[in-house]
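S.K.: Handing you a structure now.
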Amino acid sequence: MCGIVGHVGPKNSVEVVIEGLKRLEYRGYDSAGVSFINQKDELEVFKKEGKLQNLIDLLGTKKYISRSCIGHTRWATHGEVNDVNSHPHSANPISVVQNGIIENFATLKQELEGGGYKFESQTDTEVFLALIVTTMNSGKTFFEAVSSSFQRIDGNSAFVILNGDSGEILAIKRGAPLVCGTHDTHSQALVSSDPYALAGVVDRLYFPEDNVLISISGANKELIRFYELDGTPDCKRYLSKKQEMTLETSEKGKYEHFMLKEIYEQPGLVRALTQYYFTGDGVKHLEAVASLKPERVHVAACGTAHYAGMVVKDYIERINAIPCEVEFASEFRYRDPLLAKKDLGLFISQSGETADTLAAQELCQKKQLHTLSLVNVEGSTLFRNCDSNLLIRAGVEIGVASTKAFTQMALTGRLLAGSMAGQFKTDEGKKSVADKFSLLSERIDQLLARVGEIKDIAERIYQRNGFFFTGRGQYFSVALEGALKLKEIAYVHAEGYASGELKHGPIALIDDDMVNIAIVGPELYEKTVSNLQEIKARRGVIVTLGPAGDKILEEMSDYYIALDFSGLEELAPLYVNVANQLLAYYTAKFKGTDIDKPRNLAKSVTVE
Ligand code: F6R
């Protein structure tokens with residue numbers, strides 16, 4: 001969701017914050033803003049609806065210099081997208097940015113209005129600002145006002161608050177991501193909603209727990225100080241870790257979009273995953289999960305991670321013969337699911353900050369299940385909250401539409417299943433899986449080399465009315481994921497269906513303007529082909545992702561993407577999925593959408 005950056009230090013804070021916001025634009029891009037103390041010691045605020053570039057244009061060529069600045073990229077929750085509702089919200093000398101939702105904002109707003117406070121925006125954030133300002137007006141210090149105001153609000157949020165009088169920045173969170181960092185030699189400190197904003201700028205990261213008040217001021221030579229809400233200093237409730245993310249990993253390089261770059265990274269990442277878990281630092285983590293002997297597995301995740309969870313379910317049920325359920329975390333958390341202590345709670349997430357997934361993990365923890373994550377961001381809230389973790393090792397994923405994370409989630413799930421089944425006790429066991437991963441990586445490479453074919457097909461179908469992705473058995477999950485990818489970035493109506501389900505209703509929609517992207521693997525071949533005949537008979541446009549050399553299928557299809565399934569077995573869905581990723585990418589490109597920042601979306605969904 002929203003991106004937050006705050007900076008204090010001798011470098012020009014405005015530049016540092018804008019640079020950080022550029023990296024966080026993938027978290028929200030409805031509007032952006034900054035506030036800072038200028039050289040005359042006045043609080044200045046600039047904010048603008050739309051992409052970050054609009055804010056940069058507003059700042060213009062004048063060089064603003066500051067030693068203390070906060071900034072925000074917004075993904076709107078309360079209040080429409082406009083300049084007024086953009087963050088920061090300010091009432092001299094206080095300025096606030098928020099990521100999250102204040103659930104009791106309406107009651108608090110009424111109370112504050114009753115006391116004469118005049119609101120400018122429709123946001124819940126301004127309620128927090130008003131609480132701080134009115135508390136300070138009653139004689140409390142900045143620290144006391146932030147602490148007491150924070151204790152009055154309900155809901156999950158992270159706030160960063162600038163005091164224009166002192167230059168001090170306070171930050172605090174509950175159930176929302178927040179990270180801060182320092183650079184000793186540059187004596188600067190930053191706070192952000194995302195460690196990615198801090199890459200290359202700080203050398204140490206601190207992940208505070210909920211309700212820890214962080215002061216960033218550079219006073220007393222200590223750049224960052226941590227307090228309990230009652231003001232007790234030297235609070236130690238945070239995780240500290242060396243900053244390892246480098247900036248090179250977060251550049252687009254020769255690719256037009258991050259999404260394309262991330263699709264192309266997959267072969268290398270797939271190979272590196274077995275190296276990490278079979279010979280590298282991951283060995284101990286994979287060994288640690290080998291002792292898990294759950295009676296059932298409950299997978300909770302959202303979006304693409306949920307579909308990866310469906311692939312993992314197949315692995316666990318097939319390899320471990322353990323029942324495994326996969327649910328949308330947003331449903332799981334409110335459904336009162338049947339959970340037993342001997343079950344395993346498995347949570348899959350790229351960001352490790354998805355609010356619903358975190359709530360599902362909390363629920364399982366309360367019910368005393370062992371909780372395990374398959375997660376990309378080390379140090380994220382999910383990573384910290386779970387009993388054990390397997391990193392998916394996808395590297396930084398910037399494209400809002402998740403691609404490489406899906407593949408890595410599913411493969412890490414395959415390693416989990418193998419480890420629980422004792423497959424990796426011997427070198428032969430490891431080798432057989434490593435060889436299969438290596439074959440997958442080779443096949444993806446070969447597919448990427450044929451990108452022109454997929455691009456041509458996208459050019460022919462991008463103007464069609466609707467898209468059905470169909471697949472049977474292990475290909476059903478990637479039919480769902482393929483449809484999600486296409487609708488997210490190309491803004492077309494797309495649905496994923498189990499091939500056999502089409503005739504139970506959706507087939508009513510088939511006409512010559514409807515495209516069926518049919519995934520036909522070697523398994524259940526005849527049955528899937530019969531389903532295709534049904535589409536053909538109704539003049540639907542058929543794009544088949546099917547076995548190479550299958551003349552019958554090729555003739556039946558309007559467009560054919562020939563795939564080499566041999567030897568891939570349970571990894572085949574991940575291979576097919578790359579073709580779907582490319583198809584979505586090029587369809588979106590022909591439609592001219594903003595591929596890396598599709599409308600209405602945000603990379604990390606930290607609100608319910
Ligand atoms: C789809 C997409 C989203 C995420 C979902 C979960 O391309 O990016 O559907 O997969 O919001 O996010 P994480 O994996 O961060 O929990």
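The values are calculated or read from the model by the stated rules, or taken from the named source; none is laboratory data. Not measured: the values here are computed from a predicted model. Cβ coordinates were reconstructed from backbone atoms using ideal geometry, including for glycine residues, and neighbour counts include every protein chain displayed. Note: areas computed on protein heavy atoms with side chains; ligands, DNA, RNA excluded. Shrake-Rupley method; radii C 1.70, N 1.55, O 1.52, S 1.80 Å.
S.K.: Would you check which residues across the range 135-166 are closer than 27 Å to residue 13 by Cα and open to solvent by 10 Å² or more (accessible area, probe 1.4 Å) and list them?
M.R.: 136, 141, 142, 143, 144, 163, 165, 166
S.K.: Next question, about the same structure. May I ask you to list the residues in the range 344-354 that are within 8 Å of the ligand (Cβ to nearest atom) and in contact (Cβ under 8 Å) with a residue 40 or more places away in the chain?
M.R.: 348, 349, 350, 351, 353, 354 - these are the residues of the range 344-354 that are within 8 Å of the ligand (Cβ to nearest atom) and in contact (Cβ under 8 Å) with a residue 40 or more places away in the chain.
S.K.: Any residue at all in the range 110-125 that is open to solvent by less than 10 Å² (accessible area, probe 1.4 Å) and within 23 Å of residue 215 (Cβ to Cβ)?
M.R.: Checked against the condition, which is being open to solvent by less than 10 Å² (accessible area, probe 1.4 Å) and within 23 Å of residue 215 (Cβ to Cβ), the range 110-125 yields at least one hit.
S.K.: On the given criteria, is residue 274 β-branched (Val, Ile, Thr), crowded, with 20+ Cβ neighbours inside 10 Å and in contact (Cβ under 8 Å) with a residue 60 or more places away in the chain?
M.R.: Considered against the rule, which asks whether it is β-branched (Val, Ile, Thr), crowded, with 20+ Cβ neighbours inside 10 Å and in contact (Cβ under 8 Å) with a residue 60 or more places away in the chain, residue 274 comes out as yes.
S.K.: Taking the conditions exactly as written (at pLDDT 95 or above, surrounded by 18 or more Cβ atoms within 10 Å (Cβ to Cβ) and basic (Lys, Arg)), does residue 342 satisfy them or not?
M.R.: For residue 342, the condition - at pLDDT 95 or above, surrounded by 18 or more Cβ atoms within 10 Å (Cβ to Cβ) and basic (Lys, Arg) - is not met.
S.K.: Can you report the number of residues in the range 468-508 which are within 16 Å of the ligand (Cβ to nearest atom) and either open to solvent by less than 10 Å² (accessible area, probe 1.4 Å) or part of a strand (DSSP E or B) (or both)?
M.R.: Looking only at that region, the number is 14.
S.K.: So, residue 424, is that one in contact with a Gly (Cβ under 8 Å, 6 or more places away or on another chain), open to solvent by 10 Å² or more (accessible area, probe 1.4 Å), in contact (Cβ under 8 Å) with a residue 24 or more places away in the chain and outside the structural domain of residue 584 (by TED's automatic domain parsing) or not?
M.R.: Against the criterion (in contact with a Gly (Cβ under 8 Å, 6 or more places away or on another chain), open to solvent by 10 Å² or more (accessible area, probe 1.4 Å), in contact (Cβ under 8 Å) with a residue 24 or more places away in the chain and outside the structural domain of residue 584 (by TED's automatic domain parsing)), residue 424 qualifies.
S.K.: If a residue has to be closer than 16 Å to residue 102 by Cβ, in contact (Cβ under 8 Å) with a residue 60 or more places away in the chain and small (Gly, Ala, Ser) to count, how many in the range 152-170 make the cut?
M.R.: Total satisfying the criteria: 1.
S.K.: For residues that are within 13 Å of the ligand (Cβ to nearest atom) and either aromatic (Phe, Trp, Tyr) or open to solvent by 20 Å² or more (accessible area, probe 1.4 Å) (or both), scanning just the range 377-388, find the one that is farthest from residue 196 (Cα to Cα).
M.R.: 383
S.K.: Any chance you could count how many residues in the range 10-44 are within 14 Å of residue 63 (Cβ to Cβ), of a type in the set (D, E, K, R) and outside any strand (DSSP E or B)?
M.R.: Residues that pass the stated criteria total 2.
S.K.: Look through 239, 223 and report the one residue that is more than 16 Å from the ligand (Cβ to nearest atom) and open to solvent by 60 Å² or more (accessible area, probe 1.4 Å).
M.R.: Only one candidate qualifies: 239.
S.K.: Working only within the range 368-395, note down all residues that are charged (D, E, K, R) and touching a strand residue (DSSP E or B) at 6+ places or on another chain (Cβ under 7 Å).
M.R.: Answer for the range 368-395, where residues must be charged (D, E, K, R) and touching a strand residue (DSSP E or B) at 6+ places or on another chain (Cβ under 7 Å): 378, 384, 387.
A quick yes/no check of all residues on (1) closer than 25 Å to residue 381 by Cα; (2) in contact with a strand residue (DSSP E or B) (Cβ under 8 Å, 6 or more places away or on another chain); (3) modelled with pLDDT of 90 or more; (4) not small (Gly, Ala, Ser):
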position	(1), (2), (3), (4)
223	yes, yes, no, yes
226	yes, yes, yes, yes
229	yes, yes, yes, yes
233	yes, yes, yes, yes
242	yes, yes, no, yes
253	no, no, no, no
257	no, no, yes, yes
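S.K.: A follow-up question, please. List every residue pair whose Cβ atoms lie under 6 Å apart, where the two residues are 6 or more positions apart in sequence or sit on different chains, the first residue falls within the range 550-576 and is under 18 Å from residue 432 (Cα atoms), and the second residue, located anywhere, is surrounded by 15 or more Cβ atoms within 10 Å (Cβ to Cβ) and aromatic (Phe, Trp, Tyr).
M.R.: Sorted first by the residue in the range 550-576, then by its partner, the pairs are 568/575; 572/565.
S.K.: If you don't mind, another one. How many residues are assigned to a loop (DSSP other than H, G, I, E, B) and within 16 Å of the ligand (Cβ to nearest atom) if we restrict to the range 281-310?
M.R.: So the answer is 1.
One line per residue, one yes/no per condition, for (1) at pLDDT 95 or above; (2) open to solvent by 60 Å² or more (accessible area, probe 1.4 Å); (3) of a type in the set (Asp, Glu):
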{"residue": "33", "(1), (2), (3)": "yes, no, no"}
{"residue": "38", "(1), (2), (3)": "no, no, no"}
{"residue": "50", "(1), (2), (3)": "no, no, no"}
{"residue": "53", "(1), (2), (3)": "no, yes, no"}
{"residue": "78", "(1), (2), (3)": "no, no, no"}
{"residue": "82", "(1), (2), (3)": "no, no, no"}
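S.K.: If you don't mind, another one. Are there any pairs, at least 6 apart or on different chains, whose C-beta atoms fall under 7 Å, with the first in the range 435-451 and modelled with pLDDT of 95 or more and the second polar (S, T, N, Q), and if so, which?
M.R.: 437/274; 444/266
S.K.: Quick check on the range 59-68. Is at least one of its residues within 20 Å of the chain's Cα centre (by Cα) and either over 30 Å from residue 140 (Cβ atoms) or modelled with pLDDT of 90 or more (or both)?
M.R.: Among the residues of the range 59-68, not one is within 20 Å of the chain's Cα centre (by Cα) and either over 30 Å from residue 140 (Cβ atoms) or modelled with pLDDT of 90 or more (or both), which makes the answer no.
S.K.: Also, I was wondering about something else. Just one of 105, 143 is touching a residue at least 40 places away in the same chain (Cβ under 8 Å), out of contact with any helix residue (DSSP H, G or I) (no Cβ under 8 Å at 6 or more places or on another chain), aromatic (Phe, Trp, Tyr) and within 25 Å of residue 174 (Cβ to Cβ); which is it?
M.R.: 143
S.K.: Determine the pairs where a residue that is among the acidic types (Asp, Glu), located within the range 518-529, has a partner that is part of a helix (DSSP H, G or I) with Cβ atoms under 9 Å apart, the partner being 6 or more residues away or on another chain.
M.R.: 523/473; 523/474; 523/475; 523/572
Residue-wise test of (1) assigned to a loop (DSSP other than H, G, I, E, B); (2) more than 29 Å from residue 354 (Cα to Cα).
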site: 128; (1), (2): no, no
site: 131; (1), (2): no, no
site: 150; (1), (2): no, no
site: 166; (1), (2): yes, yes
site: 201; (1), (2): yes, no
site: 215; (1), (2): no, no
site: 233; (1), (2): yes, yes
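S.K.: Take residue 317 and decide whether it is in a helix (DSSP H, G or I), at pLDDT 95 or above and more than 16 Å from the ligand (Cβ to nearest atom).
M.R.: Against the criterion (in a helix (DSSP H, G or I), at pLDDT 95 or above and more than 16 Å from the ligand (Cβ to nearest atom)), residue 317 qualifies.
S.K.: Something else: Return the total of residues in the range 401-420 being open to solvent by 10 Å² or more (accessible area, probe 1.4 Å), of a type in the set (A, V, I, L, M) and within 13 Å of the ligand (Cβ to nearest atom).
M.R.: 0
S.K.: Suppose we keep only residues that are open to solvent by less than 20 Å² (accessible area, probe 1.4 Å) and at pLDDT 90 or above within the range 587-608. Which one would you say is farthest from the ligand (Cβ to nearest atom)?
M.R.: 587
S.K.: Still on this structure, I have one more. Looking for whichever is of a type in the set (Val, Ile, Thr), within 12 Å of the ligand (Cβ to nearest atom) and either in contact with a Phe, Trp or Tyr (Cβ under 7 Å, 6 or more places away or on another chain) or closer than 17 Å to residue 390 by Cβ (or both) here; the options are 357, 371. Which one fits?
M.R.: Selected residue: 357, the only one of 357, 371 that is of a type in the set (Val, Ile, Thr), within 12 Å of the ligand (Cβ to nearest atom) and either in contact with a Phe, Trp or Tyr (Cβ under 7 Å, 6 or more places away or on another chain) or closer than 17 Å to residue 390 by Cβ (or both).
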